[in-house]
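The block underneath contains the structure these notes are about, expressed in structure tokens.
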Amino acid sequence: MRLRDGSPWTVEQVTRHLSDAPVPVRLACLGAGGAPLVCSLWYLFDGEALWCASQADAVVLRRLGDDPRVGFEVAGDDPPYKGVRGQGRAELRPADGVRILGELLDRYQGGRDTPLARWLLARADREVAVRIDIDWLTAWDYSARMAPAAPPRSAPP
């Protein structure tokens with residue numbers, strides 16, 4: 001994993017964020033006609049690559065099949081804003097679809113026995129895993145500049 005110069009986080013901090021952030025990855029690829037296509041997908045980080053899954057007929061899989069280059073971001077929506085972004089290449093792996101879906105359900109649903117998990121597992125035979133091999137990463141962290149302002153001092157009596 002190559003961390004870009006100037007990243008405020010170390011490789012260990014980036015790895016921890018990618019492993020622990022309870023948010024989806026925002027994945028960008030080239031859409032029809034060359035315009036960007038951005039979608040949010042559940043993901044796993046295995047220390048080297050990001051893994052996602054989607055149905056075999058999903059538009060994002062067609063686009064990744066045409067051009068595997070991706071940009072991605074893993075960041076929450078609440079302040080203070082911070083996260084990780086990067087670029088890589090996607091590989092479609094149908095044989096890993098069911099396994100990755102199960103691991104994603106464990107991570108995001110806390111198991112495989114929720115209504116959503118049961119619905120997704122009922123369609124698991126059409127699930128395709130996406131492995132994103134990372135070319136580079138960087139982090140950003142606005143925590144310091146978004147720190148709460150100091151409370152106002154009381155005026156002298």
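The values are calculated or read from the model by the stated rules, or taken from the named source; none is laboratory data. None of the values given here were measured: they were computed from a predicted structure. A quick note on method: Cβ atoms are made from the backbone with ideal geometry, for glycine too, and the neighbour counts reach across all protein chains shown. Areas reflect the complete protein model, heavy atoms only, side chains present, ligands, DNA and RNA absent. Shrake-Rupley method; radii C 1.70, N 1.55, O 1.52, S 1.80 Å.
Across region 41-83 the C-alpha pair distances fall into 5 Å bins from zero in the proportions 5, 16, 22, 24, 17, 11, 5, 1 percent.
Relative to the 2.2 N^0.38 Å rule of thumb, region 73-141 has a C-alpha radius of gyration ratio of 1.37.
Between residue 69 and residue 38, residue separation times 0.36 nm minus the direct Cα-Cα distance comes to 9.9 nm. Taking a ≥ b ≥ c as the square roots of the eigenvalues of the alpha-carbon gyration tensor, region 1-130 is classed oblate because a/c is 1.5 or more while a/b is no larger than b/c.
Extension gain, residue 5-residue 56: 0.36 nm per intervening residue step, less the Cα-Cα distance, totals 14.6 nm. A 1.4 Å probe run over region 60-156, with the rest of the protein chains in place, finds 59 Å² accessible per residue.
Residues whose amide H falls under 5 Å from that of residue 81, counting only those 5 or more places apart or on a different chain, are 142, with hydrogens built in the peptide plane.
Restricting region 41-103 to GluC sites (Glu not before Pro) that sit in a DSSP loop and have at most 16 other Cβ atoms within 10 Å of their own Cβ leaves 48.
The slack between residue 95 and residue 20, meaning 0.36 nm per residue of separation minus the straight C-alpha distance, is 24.4 nm. Placing dummy labels 7 Å off each Cα toward the beta-carbon, the span from residue 78 to residue 46 is 3.1 nm. Taking amide hydrogens as placed 1.01 Å from N in the peptide plane, the amide H of residue 135 sits under 5 Å from those of 87, 88, 89, each at least 5 positions away in sequence or on another chain.
Taking amide H positions as modeled 1.01 Å from N, with prolines and chain starts lacking one, the residues under 5 Å from residue 43 and 5 or more places away or on another chain are 25.
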